1. I'm checking my understanding of the structure. Among residues of the range 141-168 that are surrounded by 19 or more Cβ atoms within 10 Å (Cβ to Cβ) and aliphatic (A, V, I, L, M), which one is farthest from the chain's Cα centre (by Cα)?
2. Show me the strands (runs of 3 or more DSSP E) entirely contained within the range 240-291 in which 2 or more residues are on the phi < 0 side of the Ramachandran plot, in contact with a Lys or Arg (Cβ under 9 Å, 6 or more places away or on another chain) and modelled with pLDDT of 95 or more.
3. Take the conditions assigned to a strand (DSSP E or B), touching a Leu at 6+ places or on another chain (Cβ under 9 Å) and surrounded by 15 or more Cβ atoms within 10 Å (Cβ to Cβ) and apply them to Val104. Does it pass?
4. Among (1) among the aliphatic types (A, V, I, L, M); (2) over 30 Å from Leu34 (Cα atoms); (3) free of Cβ contacts under 8 Å to residues at least 60 places away in the same chain, where does Val104 come up short?
5. Does Lys144 qualify as being under 23 Å from Asp279 (Cα atoms) and not acidic (Asp, Glu)?
6. Hey, could you check the range 107-123 for residues that are outside any strand (DSSP E or B) and in contact with a helix residue (DSSP H, G or I) (Cβ under 9 Å, 6 or more places away or on another chain) and say which is farthest from Thr294 (Cα to Cα)?
7. Can you find, within the range 124-140, the residue that is surrounded by the most Cβ atoms within 10 Å (Cβ to Cβ) among those that are part of a strand (DSSP E or B) and free of Cβ contacts under 8 Å to residues at least 60 places away in the same chain?
8. Of these, Thr184, Thr127, which one is outside the structural domain of Ala64 (by TED's automatic domain parsing), of a type outside the set (A, V, I, L, M) and over 19 Å from the mean Cα position of the chain (by Cα)?
Amino acid sequence: MSRKIVQLSICSLLAITILISLSGCSGAKALPTLRARRISTIATKCKDLFTAEVNAWNAKDAEALRQIYADDIVHIDGSLLFKGIDAVSEMAREMMTGPYQGKVGQVYISKDGCVDAWHMWGIYGFTQDHPGTEFDLLQFKGGKISYWRVFYDQHFFRSGFGKSNYINNDLLSRFASAWSVGNTDALLSLYSAEATLEDTLFGFSITGQEALKTYIDKFFAKSPGASWELIYPFAERQGSSQPGNNSLASQGGIFAIKIKDASGNPCVIEAVIILTPDDEGKFFAQQVFYNASTLIGCGWAK
């Protein structure tokens, strides 16, 4: 074999090695494609149970809630905590004395629970045309609601609670901007060293920066060039009831994640993100929930 051929072979081998190396750096495995039937089933289960709950409240039937809430239900409303069906039913019975009415909004799912939007009027001066919206984080056990944690929109805080500074729009917008840039290191700087992240629909329940980096890289591989937009913020009233956080309330919102589908057409995935900041403003907890129909529509579930 001539020296020229050997040199060409070596160069070719080096080129292939470099390409493989580069591919390994920028070609992280993407988040998996979900099964559409499975996530549709989760969404239907959540919507049906949530609808039964809203209907019972509209009918002012506290006893009917015993068929919807688990015996050991835990209800968190900021620092207000009710444990057990008797305590929650009594709380409901007192609230049902007013002219309260509500309707079911959109639901956002994870593997083990969901977040729903509950539009309310007849209280705090809310009207059907201009309701207050409560966002409920629900978990289930035995076909009933076993965990119920409450967040509120700005209308609730201003008209219902007389406060305007619970929702940190700057924090939520900064989160969306960082995810839109697509820089893993910049994103990691927003999280505490022992931050936890739950995106159970895609199989993640993780802690720490290395695990976060893996998740972020997989998300970027799934949606290169995606941009995030905060479209509806909410927050809980207080943060003192949350483990590890003695002062700051969790913040959340509906986000539009603008991507391109497999055909290159613009597409939007809607997600609810719940973020818990520490005293330094870094996130030490994040939970992710999705609008099932947008996952299917954009091809992330088939």
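The values are calculated or read from the model by the stated rules, or taken from the named source; none is laboratory data. Computed from a predicted model, the values in this text were never measured in an experiment. All Cβ positions, even for glycine, are placed from backbone atoms using ideal geometry, and neighbour counts span all protein chains on display.
1. Ile145
2. Result: 266-277.
3. When the stated conditions are applied, Val104 does not pass them.
4. Here Val104 clears every test but (2).
5. no
6. Among those that are outside any strand (DSSP E or B) and in contact with a helix residue (DSSP H, G or I) (Cβ under 9 Å, 6 or more places away or on another chain), it is Ile123.
7. Out of the qualifying residues, it is Gly132.
8. Numbers: Thr127 fails: outside the structural domain of Ala64 (by TED's automatic domain parsing).
So the residue among Thr184, Thr127 that is outside the structural domain of Ala64 (by TED's automatic domain parsing), of a type outside the set (A, V, I, L, M) and over 19 Å from the mean Cα position of the chain (by Cα) is Thr184.
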